[in-house]
1. Taking the condition more than 13 Å from ligand 1 (Cβ to nearest atom) and within 29 Å of GLY275 (Cα to Cα), does SER135 pass?
2. Anything in the stretch 226-258 that is touching an Asp or Glu at 6+ places or on another chain (Cβ under 8 Å) and surrounded by fewer than 17 Cβ atoms within 10 Å (Cβ to Cβ)? List them, or say none.
3. Return the only residue of ALA198, ALA210, ALA191 being more than 16 Å from ligand 1 (Cβ to nearest atom), at pLDDT 95 or above, of a type in the set (Gly, Ala, Ser) and in the same structural domain as ASN268 (by TED's automatic domain parsing).
4. Would you check if there is a residue in the stretch 336-350 being hydrophobic (A, V, I, L, M, F, W, C) and under 30 Å from THR249 (Cα atoms)?
5. Is it the case that some residue within the stretch 141-159 is more than 26 Å from the chain's Cα centre (by Cα), in the same structural domain as PHE86 (by TED's automatic domain parsing) and more than 16 Å from ligand 2 (Cβ to nearest atom)?
6. Only one residue in ASP189, ASP152 is of a type in the set (Asp, Glu) and buried (at least 20 other Cβ atoms within 10 Å of the Cβ). Which one?
7. For LEU309, all conditions in the list (1) in a strand (DSSP E or B); (2) in contact with a Pro (Cβ under 8 Å, 6 or more places away or on another chain) hold save one; what is the number of the exception?
8. Which number in (1) modelled with pLDDT of 95 or more; (2) within 25 Å of GLY82 (Cα to Cα); (3) aromatic (Phe, Trp, Tyr) marks the one condition that PHE169 misses?
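The values are calculated or read from the model by the stated rules, or taken from the named source; none is laboratory data. Keep in mind that this is a model prediction, so the values were computed, not measured. Cβ placement follows ideal geometry from the backbone for every residue including glycine, while neighbour counts extend to all protein chains displayed.
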Amino acid sequence: MSPRQEKLPARGGRRFRAARRTAAVVTAGAAVAVGAGFPLAGASPGTPGTPQAPSTIYLEDFQNVASPAPILRLNQYTGANGQSYFADPAWLSNCNGLVTSFGQDPNAPGPTSMSDCGPLTWNGSQQIAYALGGSSANPAGNYAITAATGHDGVAVDPGAPKVEFQTGFQAGQNIALPGKNRFLLLSYDVAVEGCQAAHPFLYWNLLDTAGTPSPLGVQIDPCGSPVLHPVTVPGIGLAPGPGDIDVGTFYAGATLYAGDSAGLQLVNNQPSGGGNDHAFDNVKLMDATPQLDKSFDLSRAQPGQAVPLTFTITNTSELAAKNGWSFTDTLPLGMVVAGAAGTNCPSGVVTAPNGSSSISVTGNLDLGMASCTVTLNVTAAHDGNYTNGPGNITVVGLNPPADTTVQVVPMMSWPVGLAAAVLGSGAWLLGRRKEVVTTS
Ligand SMILES: [Ca+2]
Ligand SMILES: [Ca+2]
């Protein structure tokens, strides 16, 4: 389509707001409100029911810029970890795909690549990069990828769907993951303008080593999202100020991903350049794999006695939905299932036939759900220490549990005090009565 006049707010007409809105939880798989930044901690066993923070796998803040000049395009920028980037040509031309900061030259004397971006739109791009740095100590020094879909106030349609950002799988630079079958979650900061015209429609893909995309979360429209809040930006060059620009942190995922490396691809599904003005920063890929814990609920039991075994699946602290995890527990030799299993996990299916040594479970965690459990009884006919640990379990989309041990021994061998306490509790009406009597 031919260029046409941008439907941008009139110059000097940036919106001002009396109050900031606070972030709130939104719908499953779409935008989710963000809290404080996630610490770099991975989930580990030992806190069943208490979510741990997801761990950061990859972060790009676009700050690895040696000098304010020349002004770079995304495909000319290299991340601090050596990562290179790609995009469709439509998102690397006009005032798109620029690594922009407020602190750069407002007159944009820059390289030849800037000849298709004029000072008016360039200065507006500098303001939106400032807004994305609004929570930092030096917003003017914040670099972000800006996309104004036009130049000098004239809209240019990018077409859709087109790739706005992609990590360098072409250069063998897929991001190494902690392992296969992890739940991946992405967060990114977005600033939007011109929401009275066309809205950006953004979605993420994961790329395997062949570059084949698979969805990471669902498409979002950042315009009007409750996670947005206004950041006041100063005027610069031809762009007036102060005024407010809306920014927010959005999530994509969590998605269960089979591979042990992944590329990231951001697609814009809005073909229009009339509006569709936005920028993004702080692309963060996280491992948000839930933790599996398991526990024998007795430390000591008699041969043949039913021993409750509890599996707890604990979400990570952002509490995104985690759909499709599974595990199989092969009980220690001599231990078998003794009775029916129960679970409160959404869509939970437990396959654990009575007398079998195998327990297979599939299920989900819903959005906002901290944990769920699977419970059943097991038993062992013979004496011994029965340890059920990570070596007994295969997991998909879960972190493996630590060891749990039950000692199976006739009560005649128990410490006198413990046996007396158990007898006094009346808990042993069933089971090996002969041995109970022996110890009395
Ligand atoms: Ca930045
Ligand atoms: Ca535009």
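1. Answer is no for this residue.
2. THR232
3. ALA198
4. Within the stretch 336-350 (the criterion being hydrophobic (A, V, I, L, M, F, W, C) and under 30 Å from THR249 (Cα atoms)), the answer is yes, since at least one residue qualifies.
5. yes
6. Of ASP189, ASP152, the one residue that is of a type in the set (Asp, Glu) and buried (at least 20 other Cβ atoms within 10 Å of the Cβ) is ASP189.
7. Against the list (1) in a strand (DSSP E or B); (2) in contact with a Pro (Cβ under 8 Å, 6 or more places away or on another chain), LEU309 comes up short only on (2).
8. Going through (1) modelled with pLDDT of 95 or more; (2) within 25 Å of GLY82 (Cα to Cα); (3) aromatic (Phe, Trp, Tyr) one by one, PHE169 breaks only (1).
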